[in-house]
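Step one of this worksheet: look at the structure below.
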């Protein structure tokens with residue numbers, strides 16, 4: 001095993017231990033991870049049929065993704081009323097307006113695939129994409 005030349009008392013630099021075989025192994029692992037990600041995303045993740053709105057753990061409303069609409073989600077906490085606006089347009093759902101302090105829910109990406117979610121933690125709002133498939137592999141309790 002060859003070692004990098006060092007002066008007395010110095011350790012070889014970690015870069016000198018990186019070999020061409022390491023680069024090949026690292027590249028192969030990265031390519032495999034990308035193939036698995038895109039394979040799942042495009043071949044196994046199904047488009048959703050509707051969104052289910054859950055407030056504080058209770059499902060309150062289901063809206064189809066096929067109809068363009070805007071829906072006001074009103075919640076209450078500590079005697080105050082809060083509002084989020086859910087917009088469904090062209091088969092995608094997003095929260096377009098919220099009066100929560102951080103507005104992280106407004107900056108989340110649009111959702112349309114089964115299992116994707118939008119969350120507003122301060123208002124305890126969860127918007128999930130669901131499918132209308134009655135013969136789903138996942139049982140309704142685990143859903």
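Assorted remarks:
- Normalised by 2.2 N^0.38 Å, where N counts its residues, the alpha-carbon radius of gyration of segment 50-130 equals 0.99.
- Take each peptide in 54-66, 104-116, 82-94, count the other Cβ atoms within 10 Å of every residue, and average; sorted highest first, the result is 82-94, 104-116, 54-66.
We did not get these values from a lab; they are worked out from the coordinates using the rules stated. Computed from a prediction, not measured in an experiment: that's the story for all the values here. Virtual Cβ from ideal backbone geometry, glycine too; neighbours counted across all protein chains shown.
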